[in-house]
Amino acid sequence: MSIRPDTWIAKMAREYGMIEPFVQNQVRSIDGRPVISFGNSSFGYDLRVSSQFRIFTNVYGAVVDPKNFDPRGLVEFDGKVCLIPPNSFVLALSLELFRIPRNVMTICVGKSTYARCGIIVNVTPFEPGWEGKAVLEISNTTPLPAKIYAGEGLAQVLFFESDMPCATSYADRKGKYQYQKDIVLPTA
């Protein structure tokens, strides 16, 4: 990058709609109330988690199979605070919509505030040409329930720009999670 990374991210968001809605500066409080930070940062963008969650439950005693996932193992929840059961996980949705250019790749990592509480965020890379809201996997590694706050920061997206576009983008190969706007369960 020949310009500062935070300026480059803002430019890409403004000119190409790479992140919508885009928050120009890092937000640490709303109306004087502290929040887990979100928005444009030095070398990335701190995305927010929406209020849509799918909480894993073992009510059916099923085996988790990525080739044949049983949706009955997830309970739908929409709210401002989601409780993750001990040693369990939830799927959630980013508040932001991403449109990744053909010459950009991202890696997404969890925020330190959650990690220090034993809450691990896993998000696969946003490939060149991918568009949609990110489905976020949030694991509670503790023996206690854990809170996740909707509308606040959850993970940081790091952007890597190439000098030239990729030969075949996620959109070109018609990736199965292209244009997702809701929590999409695993498909083989």
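Throughout, read-outs are computed from the coordinates displayed, never taken from laboratory work. These figures come from a predicted structure and were not determined experimentally. For neighbour counting, all protein chains shown are included, and Cβ atoms are generated from backbone atoms with ideal geometry for every residue, glycine included.
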Taking the Cβ of each residue in ILE107, ILE9 as the centre, tally the other Cβ atoms inside 10 Å and list the residues starting with the fewest.
ILE107, ILE9
Sticking with the crude label model, points 7 Å out along Cα→Cβ, report the distance from VAL63 to ALA167 in nm, one decimal please.
3.8 nm
Compute the long axis of helix 5-16 from its Cα atoms, compare it with the longest principal axis of the Cα atoms of the chain, and write down the angle in degrees, 0 to 90, nearest 10.
90 degrees
Hand me the GluC sites (Glu not before Pro) from the range 1-107 located in a DSSP loop with no more than 15 other Cβ atoms within 10 Å, in residue order please.
none
If the cut-off is 22 Å between C-alpha atoms, which lysines fall inside it for LYS147, apart from same-chain ones fewer than 8 positions away?
LYS80, LYS111, LYS133
With runs of 4+ DSSP H residues as the only contributors, calculate the mean residue ellipticity of the chain at 222 nm using -39,500 (n - 2.57) per run, divided by the residue total and rounded to the nearest 500.
-2500 deg cm²/dmol
As an exercise, identify the trypsin sites (Lys or Arg not before Pro) in the range 66-124 lying in DSSP coil whose Cβ has no more than 11 other Cβ atoms within 10 Å.
LYS67, LYS80, ARG116
Connecting C-alpha atoms closer than 10 Å in a GNM of the chain, tell me which of VAL75, VAL27, VAL109 has the biggest fluctuation.
VAL75
